[in-house]
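What follows draws every value from the coordinates through simple rules; no lab data is involved. Note that the structure is a prediction, hence the values are computed from the model and not measured. Glycine gets a Cβ as well: all are built from the backbone with ideal geometry, and neighbour counts include every protein chain shown.
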Amino acid sequence: MYNLLAVPTMTKPENLESHGRHIILDYVGYTSPKKDDGEWILGIMRDVIANSTATEVHSHVTQFDGNTSPLGFAAVVVLDESHFSAHCYSELGWLAIDCFTCGSADTESIVRDFTDILQDKIPTLKATQRKTVERFLHD
């Protein structure tokens, strides 16, 4: 069995180019202004993608009812360029965002536009972690 924890974190060597970018964000202080918050977040995600250079292929949301996992949702917009997802435990106020695009799609602007909308609607929202990884490294 391959031990993923043993794989070292790699920084992008200066002599390699990347063909993609992967951004992850963790937020605390999430409180939904809508009852059906998964659909609400998915709508924001889809609007942000529609106004970006990325191309939506499919979208879906699953609401968690609190029986198997805490109340919340998982939402994803599958992109021609990869994906944009949100995972939330709303009772705990936790929201995680994962945006990976390749090619010329602008991952930074997708995440920035989404964050700007959310912070305007949810003033208590605070980012606690952000990581950016260059992907598809090549000569």
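Points to keep in mind about this one:
- Long-range neighbours under 6 Å by Cβ, at least six apart or interchain, first residue on the phi > 0 side of the Ramachandran plot within the range 54-83, second assigned to a strand (DSSP E or B): 72/64; 72/88; 72/89; 82/100; 82/101; 82/102
Rundown of residues vs (1) surrounded by fewer than 18 Cβ atoms within 10 Å (Cβ to Cβ); (2) farther than 30 Å from residue 137 by Cα, yes/no style:
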| site | (1), (2) |
| --- | --- |
| 19 | yes, no |
| 22 | no, no |
| 52 | no, no |
| 55 | yes, no |
| 60 | yes, no |
| 63 | yes, yes |
| 104 | yes, no |
| 127 | yes, no |
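- Segments classed as strands (runs of 3 or more DSSP E), wholly inside the range 28-108, with at least 1 members that are acidic (Asp, Glu): 56-64, 94-102
- Taking the criterion of being assigned to a strand (DSSP E or B) and exposed (fewer than 13 other Cβ atoms within 10 Å of the Cβ), the residues of the range 129-139 that qualify are 129, 131, 138.
- Residue match in the range 111-123 (condition: crowded, with 18+ Cβ neighbours inside 10 Å, out of contact with any Pro (no Cβ under 8 Å at 6 or more places or on another chain) and without any contact (Cβ under 8 Å) to a residue 40 or more places away in the chain): no
- Of the residues making up the range 79-109, those that are of a type in the set (Val, Ile, Thr) and touching a Leu at 6+ places or on another chain (Cβ under 9 Å) are 97, 101.
- Condition met for residue 122 (under 19 Å from residue 26 (Cβ atoms) and touching a helix residue (DSSP H, G or I) at 6+ places or on another chain (Cβ under 8 Å)): no
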